[in-house]
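J.: Handing you a structure now.
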Amino acid sequence: MSPPRRKLRPQSASVGRVTRNWEEDFSHYLSAECHLSDNTVAAYRRDLRRFLQWLGNRSPTGLEIQDLSDYAAWLHGRNLAPASLARHIVSLRLFLRYLQLEGLITQNKAELLGGPKLWERVPHVLTPTQVEALLESPRPYDRCHQRNRALLEFLYATGCRAGEAANLRMDDLHLDEAYCVCRGKGNKERIVPLGKRAVQAFRAYLSEERPLLAAASGGRSPYAFLSYRGKRLRRERIWELLKFHAIRAGIPPDISPHTLRHSFATHLLAGGADLRHVQELLGHAGIATTQIYTHVDYARLKAVHKRFHPRG
């Protein structure tokens with residue numbers, strides 16, 4: 001039976017005469033040796049905190065495969081999204097790999113757990129009509145409506161992640177040539193074209209609204225998207241703005257910036273784009289990650305066939 005849920009807190013343990021703070025040590029390993037981004041390190045650290053909470057007073061250095069299987073089953077009962085479940089298992093594998101490198105365990109038994117693909121699901125995408133309603137939802141009487149319009153156009157035009165939009169700098173924008181430079185996971189740069197409507201929205205925002213926002217902080221911020229205090233627009237705020245405009249557009253609010261990223265990729269493939277080109281635009285390291293969008297379009301075609309074919 002799993003232990004009762006309680007407030008999460010950093011866990012420490014004594015190994016020999018040394019007290020180990022697993023969260024701090026693991027986070028340092030992820031940053032210094034694995035060179036993962038700050039956002040990824042923060043996510044894996046939260047996953048480890050949940051695992052240590054589940055462990056209670058038990059040491060992570062003496063676990064058997066049955067213990068790890070019990071934890072995976074416990075995660076399934078938390079009603080987590082499939083992507084979150086998969087990430088938790090990846091976090092666990094990385095943590096046990098760290099323990100193995102430290103000489104605290106001899107075998108990474110988390111490698112024997114089922115792979116994340118067991119929980120993979122077809123991502124939710126918006127229809128072109130829903131996207132159009134979303135992009136038109138900012139109103140002239142809204143606070144920062146030009147920024148919000150440019151932000152929504154940017155997310156759909158490029159398929160960028162929320163963090164990539166938050167970190168977009170003025171120097172990354174090349175509106176005359178209709179492209180921008182995005183920095184993805186691992187700080188890898190890629191060039192992404194900007195459509196005509198995205199360029200128009202950016203020009204209006206940069207010429208009229210952004211100077212007023214920038215003035216609130218002395219006009220020196222290098223970031224493209226600013227808060228009304230003139231600071232960099234946080235990725236959490238981007239999520240909030242998207243949900244607000246989704247509700248206004250009559251779209252279920254359980255969408256995220258990744259929903260626009262999924263929609264961007266799916267609509268490109270549905271329009272005949274090559275899978276390799278979509279891979280480059282999204283910044284995926286391997287083609288296998290991009291192939292999920294072929295399943296999305298197949299699912300759509302299957303639904304159309306079932307609805308309209310007499311033998312469907």
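The values are calculated or read from the model by the stated rules, or taken from the named source; none is laboratory data. Worth saying up front: this structure is predicted, and the values here are computed from it rather than measured. We place every Cβ from the backbone using ideal geometry, glycine too, and count neighbours over all the protein chains shown. Side chains are part of the model used for accessible areas, which takes the heavy atoms of the whole protein and leaves out ligands, DNA and RNA. Shrake-Rupley method; radii C 1.70, N 1.55, O 1.52, S 1.80 Å.
J.: Taking 2.2 N^0.38 Å as the expected size of a compact globular protein, what ratio does the Cα radius of gyration of segment 162-265 give against it, to two decimals? Before the final figure, lay out each step's value.
T.: Working: Rg = 14.2 Å, N = 104, 2.2 N^0.38 = 12.8 Å.
Relative to the rule-of-thumb radius for its length, segment 162-265 sits at 1.10.
J.: Would you mind getting the accessible area per residue of segment 178-226, heavy atoms of the protein chains only, 1.4 Å probe, in Å²?
T.: Ligands and nucleic acids excluded, the figure is 54 Å² per residue.
J.: By per-residue mean of other Cβ atoms within 10 Å, what is the highest-first order of 162-172, 207-217?
T.: Going from most to least packed, we get 162-172, 207-217.
J.: Please report the carbon-and-sulfur percent of the accessible area for segment 82-226; probe 1.4 Å, protein heavy atoms only, DNA, RNA and ligands left out.
T.: Exposed carbon and sulfur together represent 52 percent of the surface.
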